[in-house]
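Visitor: Have a look at the structure that comes next, please.
The values are calculated or read from the model by the stated rules, or taken from the named source; none is laboratory data. Bear in mind the structure is a predicted one, so any value in this text is a computation, not a measurement. Cβ sites come from the backbone with ideal geometry, for glycine too, and all protein chains shown count toward neighbours.
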Amino acid sequence: MKIMPGAMLGVLGGGQLGRMFVQAAQQMGYSVTVLDPSHDSPAGRVADAFICADYADRAALKKLGQQCAAVTTEFENIPAESLRWLTQYCVVSPDAGSVSIAQNRVMEKRFLIDSGFSVASFAVISRPEDIGTHDAAQFLPGILKVSQFGYDGKGQIKVADVTELHAAYAQLNHTVCVLEKFIPLKSELSVVVARGSDGEIETFPVAENRHVNGILDISIVPARISPQLAEQAQDIACRVAEKLQYRGVLCVEFFVLHDDTLLINEIAPRPHNSGHYSINACITSQFEQQVRTLCGLPLGSTAQHSAAAMVNLLGDVWRNGDPDWNQVLLHRSAKLHLYGKTEARPGRKMGHFTVLSTDTATALSEALQIKKRLESN
């Protein structure tokens, strides 16, 4: 069933991803209702209707489901049961099963392994006693990550030995964690893929990502890798979506080893920070694609018409007040996106800018120059 422009769509989550979904849907002629527990959410302030409630509030979910033809989510930490419960009222995408796998690192890794995909070596730490086992020691030095509700470097601690592992596990409140063995990396990549209810599938160009303190700093697109490696990454992303029987927009993040082996780091059942370049550099953005998959429409072309470098703007840039936006706006090929957040905190994503060019090297060089000037003010 196709849901045509004029209908009301819903989104669970009021952050910047929800905001950009709202804007893409409105541009296509849809109205959007946002449900979020914050009174002042970025998405809620641009939506046609807003429900301020907890994601598990059944009365609020019923209201959302009854007034919307279809509902999606902007991040994976929405309770999967809320998505499952909403299906009695409207179309829901992504489905609860896919989200429940992606929001739990243990389930995610086991799903990937069982499906024949490669991941970094890991151990599950469910209790303090697990640390003393011979198996856990094999994964040191490594990174201890909470199994649920970790993102942007939160809930992750580097550990060099068993003593540090004990301290880190206590710091993470003895919750279920994944201990990943540290491996030297050549680079990190991501692929955003869209899959329709009819199995139609489209991949966006591969992004090359740089992180600082666990938070995405810069995405370079197309990634500076061989065509063969790019094709392999896109093929794996498509197969992940197919194994999940996924409907919607999905991001697959990869570790690239020095011999060009690809390991899946994690999957995100939603548009992704590393796909923001698509708003300005592709025929169809990842957010328009999210609208299309939700509404049962044909997928748009993901062809990239300009090389791009996308830079995240964190709250740190606001340390001396509002940044000097002239540093971005004076560049005619730079596109500024601010998320409408009222409080700038260190490490908080406040916006991004994307520099377009005919080639990747020029886009990256100009983006780094702008970034340096913004950070020096």
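Visitor: Does VAL106 satisfy the criteria of being crowded, with 23+ Cβ neighbours inside 10 Å, outside the structural domain of GLY14 (by TED's automatic domain parsing), among the β-branched types (Val, Ile, Thr) and in contact (Cβ under 8 Å) with a residue 40 or more places away in the chain? Full working, then the answer.
Guide: Details: crowded, with 23+ Cβ neighbours inside 10 Å: no; outside the structural domain of GLY14 (by TED's automatic domain parsing): yes; among the β-branched types (Val, Ile, Thr): yes; in contact (Cβ under 8 Å) with a residue 40 or more places away in the chain: yes.
When the stated conditions are applied, VAL106 does not pass them.
Visitor: From LEU172, LEU140, LEU144, LEU179, which residue is surrounded by 14 or more Cβ atoms within 10 Å (Cβ to Cβ) and in contact with a helix residue (DSSP H, G or I) (Cβ under 6 Å, 6 or more places away or on another chain)?
Guide: LEU144
Visitor: Tell me whether segment 259-272 contains one or more residues that are in a helix (DSSP H, G or I), modelled with pLDDT of 95 or more and not charged (D, E, K, R). If you could, list the steps in order and put the result at the bottom.
Guide: Kept after step one, since they are in a helix (DSSP H, G or I), are these residues of segment 259-272: none.
No.
Visitor: Related question: Which of the following residues is within 23 Å of the chain's Cα centre (by Cα) and at positive phi: GLY97, GLY13, GLY6?
Guide: Working: GLY97 fails: at positive phi; GLY6 fails: within 23 Å of the chain's Cα centre (by Cα).
On inspection, the qualifying residue turns out to be GLY13.
Visitor: Next question. Out of all the residues in segment 212-238, which are assigned to a helix (DSSP H, G or I) and touching a residue at least 12 places away in the same chain (Cβ under 8 Å)?
Guide: We begin by selecting, within segment 212-238, every residue assigned to a helix (DSSP H, G or I); these are 227-238.
Hits for segment 212-238 are LEU229, ALA230, GLN232, ALA233, GLN234, ILE236, ALA237, CYS238.
Visitor: If you don't mind, there's one more thing I want to ask. What tally of residues in segment 183-239 results from selecting those that are hydroxyl-bearing (Ser, Thr, Tyr), closer than 21 Å to ASP260 by Cα and out of contact with any helix residue (DSSP H, G or I) (no Cβ under 6 Å at 6 or more places or on another chain)?
Guide: Total meeting the criteria: 2.
Visitor: Can you spot a residue in segment 119-129 that is at pLDDT 95 or above and either more than 23 Å from ASN273 (Cα to Cα) or not hydroxyl-bearing (Ser, Thr, Tyr) (or both)? Even if it seems obvious, please write down each step before you answer.
Guide: If we filter segment 119-129 for residues that are at pLDDT 95 or above, which is where we start, we get 119.
Then drop every residue that is not either more than 23 Å from ASN273 (Cα to Cα) or not hydroxyl-bearing (Ser, Thr, Tyr) (or both), which leaves 119.
Checked against the condition, which is being at pLDDT 95 or above and either more than 23 Å from ASN273 (Cα to Cα) or not hydroxyl-bearing (Ser, Thr, Tyr) (or both), segment 119-129 yields at least one hit.
Visitor: Give the residue that is surrounded by the fewest Cβ atoms within 10 Å (Cβ to Cβ), with candidates limited to residues of segment 182-212 that are under 22 Å from SER226 (Cβ atoms) and acidic (Asp, Glu).
Guide: For segment 182-212, the residue satisfying everything is GLU188.
Visitor: Of all residues in segment 87-100 being surrounded by 23 or more Cβ atoms within 10 Å (Cβ to Cβ) and not polar (S, T, N, Q), which is farthest from VAL32 (Cα to Cα)?
Guide: Checking each candidate, the answer is VAL99.
Visitor: Is it true that ARG127 is over 23 Å from CYS238 (Cα atoms) and exposed (fewer than 15 other Cβ atoms within 10 Å of the Cβ)?
Guide: Judged against the criteria, ARG127 is a match.
Visitor: Among the residues of segment 314-346, count how many are of a type outside the set (A, V, I, L, M), under 20 Å from VAL212 (Cβ atoms) and in a loop (DSSP other than H, G, I, E, B).
Guide: Adding up the residues that qualify gives 7.
Visitor: Which ones in segment 2-55 are of a type in the set (Lys, Arg) and either in contact with a His (Cβ under 6 Å, 6 or more places away or on another chain) or in the same structural domain as ILE78 (by TED's automatic domain parsing) (or both)? Before the answer, list the steps.
Guide: Going through segment 2-55, the residues of a type in the set (Lys, Arg) turn out to be 2, 19, 45.
Matches in segment 2-55: ARG19, ARG45.
Visitor: Something else now. For segment 255-285, which positions are more than 29 Å from GLN23 (Cβ to Cβ) and either more than 18 Å from the chain's Cα centre (by Cα) or buried (at least 24 other Cβ atoms within 10 Å of the Cβ) (or both)? Spell out how you get there, then give the answer.
Guide: Residues of segment 255-285 that are more than 29 Å from GLN23 (Cβ to Cβ), as a first pass: 255-264.
Once the filter is applied, which keeps residues that are more than 29 Å from GLN23 (Cβ to Cβ) and either more than 18 Å from the chain's Cα centre (by Cα) or buried (at least 24 other Cβ atoms within 10 Å of the Cβ) (or both), segment 255-285 yields VAL256, LEU257, HIS258, ASP259, ASP260, THR261, LEU262.
Visitor: Now for a different question. Give segment 1-38 a look and list any residue that's among the aromatic types (Phe, Trp, Tyr) and under 19 Å from GLN66 (Cα atoms), or say none. Reasoning before the result, please.
Guide: As a first pass, look at segment 1-38 and keep what is among the aromatic types (Phe, Trp, Tyr): 21, 30.
Hit for segment 1-38 is TYR30, nothing else.
Visitor: In this structure, is VAL71 in a strand (DSSP E or B) and at pLDDT 95 or above? Spell out how you get there, then give the answer.
Guide: Working: in a strand (DSSP E or B): yes; at pLDDT 95 or above: yes.
When the stated conditions are applied, VAL71 passes them.
Visitor: Tell me, yes or no, whether segment 354-371 has at least one residue that is in the same structural domain as PRO205 (by TED's automatic domain parsing), touching a Pro at 6+ places or on another chain (Cβ under 8 Å) and farther than 30 Å from SER38 by Cβ. Please lay out each step first, then the result.
Guide: Going residue by residue through segment 354-371, those that are in the same structural domain as PRO205 (by TED's automatic domain parsing) are 354-371.
With the extra rule that they be touching a Pro at 6+ places or on another chain (Cβ under 8 Å), the set shrinks to 360.
Retained after the next criterion (residues that are farther than 30 Å from SER38 by Cβ): 360.
Yes; the residues of segment 354-371 include at least one that is in the same structural domain as PRO205 (by TED's automatic domain parsing), touching a Pro at 6+ places or on another chain (Cβ under 8 Å) and farther than 30 Å from SER38 by Cβ.
Visitor: Are any residues in segment 24-36 part of a loop (DSSP other than H, G, I, E, B) and touching a Gly at 6+ places or on another chain (Cβ under 8 Å), and if so, which ones? Give the derivation first.
Guide: Restricting attention to segment 24-36, the residues satisfying the condition of being part of a loop (DSSP other than H, G, I, E, B) are 28-30.
Result: GLY29, TYR30.
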